[in-house]
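In what follows, a single structure is set out as structure tokens and then discussed.
The values are calculated or read from the model by the stated rules, or taken from the named source; none is laboratory data. Remember, predicted model here, so these are calculated numbers, not experimental data. Counting neighbours? That spans all protein chains shown, and the Cβs are built from the backbone with ideal geometry, glycine included. Please note that ligands, DNA and RNA were not included when accessible areas were found on the heavy atoms of the full protein model with its side chains. Shrake-Rupley method; radii C 1.70, N 1.55, O 1.52, S 1.80 Å.
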Amino acid sequence: MSLGSVITAIVTPFDDRQKVDEEAFLNLFRHLLANGSDGVVVCGTTGEAPTLSDAEHLRLVELAVGERPEGVTVIASTGSNNTAHACWMTERVTEIGADGILSVTPYYNKPNRRGLVRHFTEIGKATDKPVVLYNVPSRIGLSLDNDLLAELAQIDNLDYVKQADNDALAQVDGLGLYAGNDDGFAQALDLGAVGGILVASHLVGPQMKQMVTDPARRAEIDASLKPLYSALSVTTNPIPVKAALNLLGHEVGAPRLPLVEADESELRVIRNALTEVGLS
């Protein structure tokens, strides 16, 4: 099945008491679908999954599944460095009705190649939905090289890779390619990628969708968005995108600790970028 081309890794809104704001989540979900997104990843890194309880995590997936119109995909992020927990979460979101699974490389304990193959084999057994492998060495400390990805592609239900290492962007036999970084989206599309799992699409979804539908203007659009890509990396994701959404009137609240709100110097960079791309 197709999971879509522009997939937004949706933030998790919190209220003033740092509780999950379900109404704000649904409002943002609707906004994304009206502005270029073919679907969302729920409870990924951008959704602050490390600070969500399992109950909060599953409830957000349930909300998205219940709200999604026909043709929209909900991909649930269920990765963990505990294989048993990752499988349990994968089974639960599959029961809830997620269309796909995002599964990050196990972090901190840094398994070797044999351990990675066994881990992802168990993930593939835990669902009948397509699994998107998530390679993000900047956060994990190890990388799924393309040779290993080709091996993992032989495992049932492992169908895609979200590649967040721009230097490793490449087609891998057996896996559909998703860009994992906003600034690698155009490059990935030029390589024949399915699309991207993106953050800037919270703010410039129509432009990012046009990069898919209008290849002749892809490089031009990509160049025009570089100030925004840079601003969204001024500090740890999702601090900048949450700040930008709040500045634009989408009430998503502050991040949960250990992440903190953008400071004034970071806000200045974000405001300038929003102005430069015509959003304020």
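Here's the yes/no breakdown for (1) open to solvent by 50 Å² or more (accessible area, probe 1.4 Å); (2) in a loop (DSSP other than H, G, I, E, B); (3) closer than 19 Å to ILE197 by Cβ:
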| site | (1), (2), (3) |
| --- | --- |
| ARG217 | yes, no, no |
| ALA223 | yes, no, no |
| TYR229 | no, no, yes |
| THR236 | yes, yes, yes |
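Considering region 54-76, the residues that are open to solvent by less than 20 Å² (accessible area, probe 1.4 Å) and small (Gly, Ala, Ser) include one that is nearest to ALA126 (Cα to Cα), namely ALA76.
Confirm whether ARG256 is at pLDDT 95 or above, in a loop (DSSP other than H, G, I, E, B) and among the basic types (Lys, Arg). So ARG256 fits the description; yes.
Each residue in region 235-280 was checked for being in contact with a strand residue (DSSP E or B) (Cβ under 8 Å, 6 or more places away or on another chain) and at negative phi, and 4 pass. Evaluate region 197-211: report whether one residue or more is over 27 Å from LEU52 (Cα atoms) and outside any helix (DSSP H, G or I). No, region 197-211 contains no residue that is over 27 Å from LEU52 (Cα atoms) and outside any helix (DSSP H, G or I). When the helices (runs of 4 or more DSSP H) confined to region 115-190 are screened for residues that are open to solvent by less than 20 Å² (accessible area, probe 1.4 Å) and over 26 Å from PRO227 (Cβ atoms), those reaching at least 3 such residues are found at 146-152. Evaluation of ASN81 against the conditions (1) touching a residue at least 24 places away in the same chain (Cβ under 8 Å); (2) in a helix (DSSP H, G or I); (3) over 25 Å from GLY36 (Cα atoms) shows that the sole unmet condition is (2). For region 32-50, the count of residues that are out of contact with any Lys or Arg (no Cβ under 9 Å at 6 or more places or on another chain), in a loop (DSSP other than H, G, I, E, B), more than 21 Å from ILE96 (Cα to Cα) and open to solvent by 40 Å² or more (accessible area, probe 1.4 Å) is at least one. Annotation: of all residues in region 211-245 being in contact (Cβ under 8 Å) with a residue 60 or more places away in the chain and not aliphatic (A, V, I, L, M), the one that is nearest to PRO13 (Cα to Cα) is LYS242.
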